[in-house]
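Novice: Input: one structure, supplied below.
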Amino acid sequence: YTDDTKANEALTKVGNLQTDVTELGESFDTLTNTTLPALSDGIITTSEKENIRQALMQVQKECVDVINAYTNLTVNYKSIYDKIAADVRTNFATAYTQLMGSATLSSDGTITYTSGQGGAYGALVDNINALLNKEGNLTTNEIATINNNIANFNIKYNDFQNCLVVVRNDIEKTLDTRITDVDEKLGGYAYLKKIVGGKTTIDGGLVLTT
């Protein structure tokens, strides 16, 4: 990187995104543990619906943070992000799209997405909202669908989380390489100074000894 300070700032943004992703995972676990037991008898009571609704709202809140942090990293730190290995960037972007689809933030901070193109997030939210509006017993197919959407979100979430680790490692590796290069160069200068003796300075690429 030509600007290690910017790269270190990008690492901080990656760390922020990792924190947001972890919090999303915790909220998703709560949603899962709230929803699945409610489906066991095929009837969602009023109190169960409210608990599910509250858990879903928390997942949506965490997804807002993830969208903000992902955008901040890939747009505001594009000069650094673009130096990440191409395959790493591709895998990361693909994992994000599979998780969040076309989801963006509206002016009021809520998540919007094109119907059917919201990734694993949109499918899960649409499915749960449909269940919350359902009157009467759930069908076997409806229960299977929500189970599948929960499982799919979990898979896409883990894929994205793993890709994020690779992104962080790639930035750190490049920074470590630059530090090693500097150490080697400084070591070379020290060696030259030891050999020639006296005061050694570097001026325009020339070794000057007095």
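Novice: Run down L56, L36 and say which single residue is in a helix (DSSP H, G or I), in contact (Cβ under 8 Å) with a residue 40 or more places away in the chain, crowded, with 18+ Cβ neighbours inside 10 Å and hydrophobic (A, V, I, L, M, F, W, C). Explain how you work it out, then say what you get.
Specialist: Values: L36 fails: crowded, with 18+ Cβ neighbours inside 10 Å.
Exactly one of L56, L36 is in a helix (DSSP H, G or I), in contact (Cβ under 8 Å) with a residue 40 or more places away in the chain, crowded, with 18+ Cβ neighbours inside 10 Å and hydrophobic (A, V, I, L, M, F, W, C), namely L56.
Novice: Report yes if A69 is under 18 Å from K134 (Cα atoms) and open to solvent by less than 50 Å² (accessible area, probe 1.4 Å), otherwise no. Show your work before the answer.
Specialist: Working: under 18 Å from K134 (Cα atoms): no; open to solvent by less than 50 Å² (accessible area, probe 1.4 Å): yes.
In short, no.
Novice: Sticking with this structure for a sec: Being part of a helix (DSSP H, G or I), modelled with pLDDT under 50, among the charged types (D, E, K, R) and open to solvent by less than 80 Å² (accessible area, probe 1.4 Å): is that true of D170 here?
Specialist: Numbers: part of a helix (DSSP H, G or I): yes; modelled with pLDDT under 50: no; among the charged types (D, E, K, R): yes; open to solvent by less than 80 Å² (accessible area, probe 1.4 Å): yes.
No.
Novice: (1) closer than 23 Å to K13 by Cβ; (2) in a helix (DSSP H, G or I); (3) touching a residue at least 60 places away in the same chain (Cβ under 8 Å); (4) not polar (S, T, N, Q): which one isn't true of D87, the others all being true?
Specialist: Here D87 clears every test but (3).
The values are calculated or read from the model by the stated rules, or taken from the named source; none is laboratory data. No experiment lies behind these values; they were computed from the predicted model shown. Cβ coordinates were reconstructed from backbone atoms using ideal geometry, including for glycine residues, and neighbour counts include every protein chain displayed. Side chains are part of the model used for accessible areas, which takes the heavy atoms of the whole protein and leaves out ligands, DNA and RNA. Shrake-Rupley method; radii C 1.70, N 1.55, O 1.52, S 1.80 Å.
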